[in-house]
Structure formats: C-alpha cells, structure tokens
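Just so it is clear, none of the values below were taken in a lab; they were calculated from the coordinates. All values derive from a computational prediction rather than experimental measurement. Glycine gets a Cβ as well: all are built from the backbone with ideal geometry, and neighbour counts include every protein chain shown.
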Amino acid sequence: MAPIRKLPDRTRSPLEGRRQSPIAARVARFVRERRRANRLDQAELATLANVGRRFVSELEAGKPTMRLDALEAVLGVFGKTLDLVDLERTEAAGATRAGGADAEDS
C-alpha cells in the first residue's frame, strides 16, 4: 500500500511566512490604496493593466518577486513608473566596490 500523501494546507496564504521586503510592502500599499481610491476591484485593475487578477492579488500581498513588465503596467494605470533613485551615501555604507560608486562615471 502506498503511503498517504499529505495535502497542502489551503487555509494559509501562499505568501504567509515569507519575509517581505520594504520596497515590496511600499508598492503593495500604494497599489492597494490607489486601487481602492479609484473604486476598482482587483479584476478591474488587472483588466486595465492587461495582467492577471492573481498578479494584482500577489502584488497587493507584497510578493517579494514579480515580473517588472507587469508591475510597470499596473503602476502605469495610476500614472506611475519605476525609476532608479540614488541612495544617500554614508561613510558607514561607503562604496560598494573599489573606486567608489562614481568610478563608473569617470
């Protein structure tokens, strides 16, 4: 007789127990607040952004990894985009590699 296989616990969120990154939490909060302020449900936002409803759900749950093109599409619905922003430099943080972060610019 084959051993009984334990079924997955469907009462827990698939993201439960994962460590959430600060940026994922900020993006999740932004999207959820903007979606609600515009009186959209997740399916409507997904349709406007041409992504799946599951993607919107996982985004709002703070999933730490996701497709950038889909994230850009969702943010675009709200007139936003991703961009690179310089971090404040501190002596403790220093350069990330020899020659400093500006070495590439010279």
Work the Kirkwood hydrodynamic radius out for the range 22-77: mean of 1/r over every pair of different alpha-carbon atoms, inverted, in Å. 10.8
Selection of trypsin sites (Lys or Arg not before Pro), the range 31-95, meeting DSSP coil and at most 11 other Cβ within 10 Å: 39, 67
Please list, in order along the range 29-39, the HN-Hα scalar couplings obtained from phi with the Karplus expression 6.51 cos²θ - 1.76 cosθ + 1.60 (θ = phi - 60°), rounded to whole Hz, x for Gly and Pro. 4, 4, 5, 4, 5, 5, 4, 5, 4, 8, 6
Here the range 41-51 yields Karplus 3J(HN,Hα) values (6.51, -1.76, 1.60; θ = phi - 60°; whole Hz; Gly and Pro given as x) of 8, 4, 5, 5, 4, 4, 5, 4, 8, 6, 10
